Amino acid sequence: MNGAQLTEWIMAFGRSLVNFVSSPVTDPVGVFLVIMAIMLVAPLLFERFRLPGIVGLILAGVLVGPNGLGVLQRDSTIELLGTVGLLFLMFMAGLETSLDDLKLNADKAIIFGGATFGIPMIMGIAAFVLLDYSWLASILVASCFASHTLLALPVVSKLGIMRSRVVTVTLGGTLITNVLALLVLAVVVRAHQGDLTLGFWLFLIPSLTIYTFATLWGVPRVGRWFFRRFGHDEGAEFLFVVATLFVVSYAARQIEVEPIIGAFLAGIAITQLIPQLSPLMNRIQFIGNTLFVPFFLISVGMLVNPAILIQQPQSLLVAGVMVTVAILAKLIPAWGCGKLFGYGMPSIMTMFGLSVAQAASTLAAITVAYNIELVDQATVNGTIVMILVTCLLSPWVTDRWGRKVKTTAAEPQTNSRQTANAPDQPAKYRILVPVANPSTEDNLLQLGVLLAKQSEGMLLPLHVLIDQAGPISADEQLRQEQLLATAEDIAHAAVTPVHTIGRVDDSIDKGILRAAQENHASLIICGWKGHSNYRDNFFGSVIDTVVRRSPIPVLVSRFTNPIKTTKRVLLAIADTGYDHRYIKETLALTNTLATELKAPLELVQVTPSNYRSPSSIDIPEAFDDIAVQQVRGNFVGRILQMVSTDDLLVLVAESDRDFPGLPVLGSIPEAIARNSKKASILIIHYPPG
């Protein structure tokens, strides 16, 4: 290429660049190229300067939007994807919200929700009445201050403090204040239009009550049925979750409630069915946080028009009042409630950071008010400035103070079971899971994933080919590779360290035991059909040999339903035949399962009728919140009365009763399995000694 050609190429590139900047990109491929580039570059650039990445996404939206360089227009496509991102943001907030946590902190959530609604309403009405706004307009603008958008939610999720008490209280308060603010909006609009009739109240209150009950009661039951029926199809699971989000959100709009409230309720309802460390949860969070939520943040930035402040100076006064009131009206309730609850300054500022952002509900309210001519353009301009300031302030404050919540451990977890896991279980589980059939081993692998990821350990899927004094066929080798590849995919989907093991050995049981020793496994998980015949008992089956000879604990499991549909973990202990030395380890393991499955853990102690009094179980202080029920009678009979289809029954094998001709796990598990075909059973066997 000579000099003239190079000069011509540079000029052509410059003309293309000028045209690119001067006219909006309309080609679908070009639009997605710009947005993907922003999603990649903006967070990395801002995090390099120790600023939250979502601030970069908002400012990038300002830059490329119609009020900036004009590279993109905020057309129907951007609005659609931004709305989806907002719904996903609220949905993931619901997924991270535990109903048990909300119940435990209901009083604090109600107090904070009432305060963060009432104080902004009072301050907002007073400020705008002084600015000579009408009473209806002042009330509506004040409702914008009362509501808030959880814009900084990705920040607390990244910091790992989503389940802390301060975040749980803030999430509960958000639900309360947003519902109240949106109800105020509906009432003011009806009053302005002269339609505030008795019929409006007779429709809104009953429909909202029925809608909330139907969502929180119906979604878990439909989801549990779906996962039982189609739980083997990972794509169907994900699509069901997304479909649930939009069905519930759309239903909210039909009863004149904002869809973001529906999205939040949908997340709360369906979170019971999705273990926190499962592949499905990982997919939802990955797609939401890397694709849809950034779309929302960029679309918010594209709304901002900095030139308005220069073009309309009167907007400066309104904007200044709105920014001041918005910040103070959220700081005061956060500080007051924080002091009342005994929180430290990091927790107080985290509450403030999460609740100060104004975006979705505020935009919806002010747009409606402008369309019905209740507020003027200056108010809209001030609202945009308030959104920009609070959207920049919220993630910055949350990121700065949220780190201190995490590092100083100033906030205990809302459920003591969550804090009990770490000191009362092995530092890292190395879990060996023999696999033979991908359709039947899925639950075993899911169980292994939950335990391995929670303890930051490793999953060790194993497949053994038997050496029959001849060459292993190519078909058998291929099947082994496919089985292990499937297991590896399941672990990778949950971001769990995995090391697959394919080996040839004299027998399957010897292969399992040797692989456990060679790979320093700390736990073995085996499947169980639920019964054994005399031949198995006398000559020994694979499980018999593994359980008898294993120097490490073995979990023997029979799952009749997908593990994710578990509603309760029931640990049953008999007064006879149980080694109380393992109570701490047993509680730690079952507690971990219950926490990750978002299911309550209940301990049942069964005492024979001929015993004068039950023996004392020394439960460690870390687990003193576990419900303990003491019953009398025949162990098998009482447990069969208590166990239900959606329970995971945990038993401890009677290791001191291992006689030839008898089940190695003891007679009790087999008796329960034979008489309860639908109960999922997990048997823990500890090595003797």
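Quick note: the coordinates plus some simple rules give every number you see, no bench work behind them. All values derive from a computational prediction rather than experimental measurement. All Cβ positions, glycine included, derive from the backbone under ideal geometry; neighbour counts span all protein chains shown.
Calculate the FRET efficiency for ASN519 and ARG48 from the Cβ-Cβ distance with a Förster distance of 41 Å, rounded to the nearest 0.05.
On the way: r = 40 Å, r/R0 = 0.97.
For R0 = 41 Å, the calculated efficiency reads 0.55.
Order 350-357, 281-288 from most to least packed using the mean count of other Cβ atoms within 10 Å. Write out the running numbers ahead of the final one.
Values: 350-357: 28.5, 281-288: 18.2.
Those peptides, ordered most packed to least, come out 350-357, 281-288.
Between ASN610 and ARG221, what's the calculated FRET efficiency when r is the beta-carbon distance and R0 is 35 Å? Round to 0.05. Intermediate values should be presented prior to the final figure.
Details: r = 42 Å, r/R0 = 1.19.
E(calc), rounded to 0.05, equals 0.25.
Taking θ = phi - 60°, what integer Hz values does the Karplus form 6.51 cos²θ - 1.76 cosθ + 1.60 yield along the stretch 213-220, in sequence order, with x for Gly and Pro?
For the stretch 213-220, the Karplus curve yields 5, 4, 5, 6, 9, x, 4, x Hz.
Subtracting the Cα-Cα distance from 0.36 nm times the residue separation, let me have the gained length for PHE203 to LYS428 in nm, one decimal.
Details: separation 225, 0.36 × 225 = 81.00 nm, distance 5.50 nm.
Additional length available on full extension: 75.5 nm.
Spelling out what I want: for every residue of the stretch 670-683, take phi, set θ = phi - 60°, compute 6.51 cos²θ - 1.76 cosθ + 1.60 (Karplus), and round to whole Hz; glycine and proline get x.
5, 5, 5, 5, 5, 9, 9, 5, 9, 7, 7, 10, 10, 10
Residues in the stretch 167-186 near a label at LEU340, defined as backbone nitrogen under 19 Å from the 7 Å Cα→Cβ point?
167-181
Given the Cα-Cα distance of GLN311 and ASP75 and 0.36 nm per residue of separation, how much length would full extension add, in nm?
Values: separation 236, 0.36 × 236 = 84.96 nm, distance 2.40 nm.
Extra length available between GLN311 and ASP75 comes to 82.6 nm.
What ranking do ASP399, ASP27 get, fewest neighbouring Cβ atoms within 10 angstrom at the top? Can you show the working numbers first?
Details: ASP399 23, ASP27 8.
By the 10 Å Cβ count, ascending: ASP27, ASP399.
Using the 10 angstrom Cβ neighbour count as an exposure proxy, how do THR545, THR590 rank, fewest first?
Numbers: THR545 17, THR590 24.
Exposure proxy ranking, most exposed first: THR545, THR590.
Between LEU131 and VAL504, what is 0.36 nm times their sequence separation minus the Cα-Cα distance? Round to one decimal in nm.
Gain in length upon complete extension: 126.0 nm.
Could you give the distance between the Cα centres of the stretch 459-534 and the stretch 189-227, to the whole Å?
With the stretch 459-534 and the stretch 189-227 each reduced to a Cα centre, they are spaced 51 Å.
Taking the Cα-to-Cβ direction at ASP625 and at GLN482 and moving 7 Å from each Cα, how far apart do the two end points lie in nm?
In this crude spin-label approximation the distance works out to 4.7 nm.
If amide H atoms are built 1.01 Å from N in the plane of the peptide, which residues on other chains or at least 5 residues away come under 5 Å of the amide H of SER164?
none
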